[in-house]
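The values are calculated or read from the model by the stated rules, or taken from the named source; none is laboratory data. Note that the coordinates shown come from a computational prediction; the quantities given were computed from them, not determined experimentally. So basically every Cβ, Gly included, is an ideal-geometry build from the backbone, and we count neighbours across all protein chains shown.
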Amino acid sequence: MSVTRIYNYYKQNNIKTVIMGASFRNIKQILGLAGCDLLTISPKLLDQLALEHTKDNEKIQIYLNKEQIKQKREKKHEKLDEKIFRWMLNEDEMANDKLSDGIRKFAADAQKLEDLIRVRLQNNK
C-alpha cells in the first residue's frame with residue numbers, strides 16, 4: 001500500500017511532515033493504516049468500525065510505528081529532488097492515479113464549500 005511506503009520513507013528519513021490516509025472504501029483499509037498520523041474516515045465507515053471493533057474492548061493492532069520502520073526499510077535516496085520524486089511517482093501507477101483523483105475531488109469539494117458559504121452569506125444580508 002502506498003501510504004505505508006510513504007509513511008515509512010518519511011519517518012525513516014526523519015522528514016517532518018504529517019501523513020494522512022484518505023479515500024477509504026472499507027474498514028479493512030482503515031485498519032491496515034492504524035497508527036498513521038491522520039486518517040480521514042467517512043461517518044459510515046466510522047459507524048462500521050464502532051460496531052465491529054468495540055466489542056469486548058477489542059484492541060486494534062497498530063501497523064504503522066517506528067518498530068515497523070526498523071523491520072521494513074524503504075529504499076533510501078541520498079538526495080530526493082523533484083526529478084527523482086516525479087520519476088518515482090510516475091513509476092507507481094496507483095499512486096499517480098490516486099493523487100490526481102484526490103486533488104480533483106478536494107478541488108471539487110472546496111468549490112462546493114465556497115458556493116455554500118457564498119449562498120449563506122447572501123441569505124444573511
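Of the residues making up region 6-46, those that are surrounded by 15 or more Cβ atoms within 10 Å (Cβ to Cβ), in a helix (DSSP H, G or I) and not aromatic (Phe, Trp, Tyr) are Ile6, Asn8, Lys11, Gln12, Ile27, Gln29, Ile30, Leu31, Gly32, Leu45. Against the test of being in contact with a Leu (Cβ under 8 Å, 6 or more places away or on another chain), modelled with pLDDT of 85 or more and not assigned by TED's automatic domain parsing to the domain that holds Ile6, the options Leu89, Leu39, Leu121 yield a single qualifying residue, Leu89.
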